[in-house]
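Read the figures in this text as sums done on the coordinates, not as results from a lab. Predicted, not measured: the structure shown is a model, and the values here were computed from it. Cβ atoms come from the backbone with ideal geometry, glycine included; neighbour counts cover every protein chain shown.
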Amino acid sequence: MATVYEGDLWTIQSFVSGFENNAYLLTCRRTNHSVIIDTPDRPFELVEAAKQTDVQAVLITHNHLDHLQGFDHVLSNFRVSVGIGADDAHAVMSPPAGLIDVSDGNFVTAGDISLRGISTPGHTPGSTCYMLPSESPGSTPHVFTGDTLFPGGPGKSGSAEAFSQIVSSIESLLLPLPENTVVLPGHGDSTTIESSRQEFELFSSKPRRSDLFGDVTWTGDNS
Ligand SMILES: [Zn+2]
């Protein structure tokens, strides 16, 4: 477990399990209400930490098995509603407390925490990022990007169409976020919107194949 952020109003903790997957626990300091983001395999540390809080919702970034292998274990401990993009929702057939609509503009709240769903198709059709604005002027905003945006590049795409879709999601919906927003992905290290903008600018300035897809990096040779 690592503490990613400790603010006046809320804390963010990260937990690594499964296939080097990151799960996150966001807790409101005032109410102890919390939200879990993603449910990788063997989420025991996550569940133990979450038991110290009053879990309000489980949010899933996308329908890939490594983010869902611990789903049943988490839901058996916390019978709460589940948020997942509509086009990926078949992954979680009728959770006991129901589904939350996380499509664009809708908020999921837990105490003082208010997360906004952003539909970012490309890595999967229903990939969804969750934006947590800064708690006060001058403090750090966060965005949970699943496998849509990583340091150095987008998540894997399965076709040229999916690649243009993920690039368009990132360019039109994620890069316009405040530049000091910390990007917390589904695997590995964090980055910022400012760094991602700079990397993307380099990518956009260079020639690239029209049939590009797969494991693409912003800074690689994509011609
Ligand atoms: Zn994935």
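Size descriptors for region 2-205 (Cα atoms only): Rg and Dmax, in that order, 15.7, 49 Å. Loop-located trypsin sites (Lys or Arg not before Pro) in region 61-170 (DSSP state not H, G, I, E or B) with no more than 11 neighbouring Cβ atoms inside 10 Å: Arg79.
In loop segments of region 16-76 as defined by DSSP, the GluC sites (Glu not before Pro) with at most 11 further C-beta atoms inside 10 Å of their C-beta are Glu20. Relative to the longest principal axis of the Cα atoms of the chain, helix 193-205 runs at roughly 20 degrees. Note on region 63-169: along the principal axes its Cα atoms extend 40, 39, 21 Å, ordered by decreasing extent. When only the Cβ of Lys, Arg, Asp and Glu is charged (+1, +1, -1, -1), the dipole of region 132-223 relative to its Cα centre reaches about 160 debye. Database remark: amide H of Asp112 closer than 5 angstrom to the amide H of Arg30, Thr31 (H placed geometrically; neighbours at sequence offset of 5 or more, or on other chains; Pro and chain starts carry no H). The charge dipole of the chain, taken about its Cα centre with unit charges on the Cβ of Lys, Arg, Asp and Glu (plus for the first two, minus for the last two), comes to roughly 200 debye.
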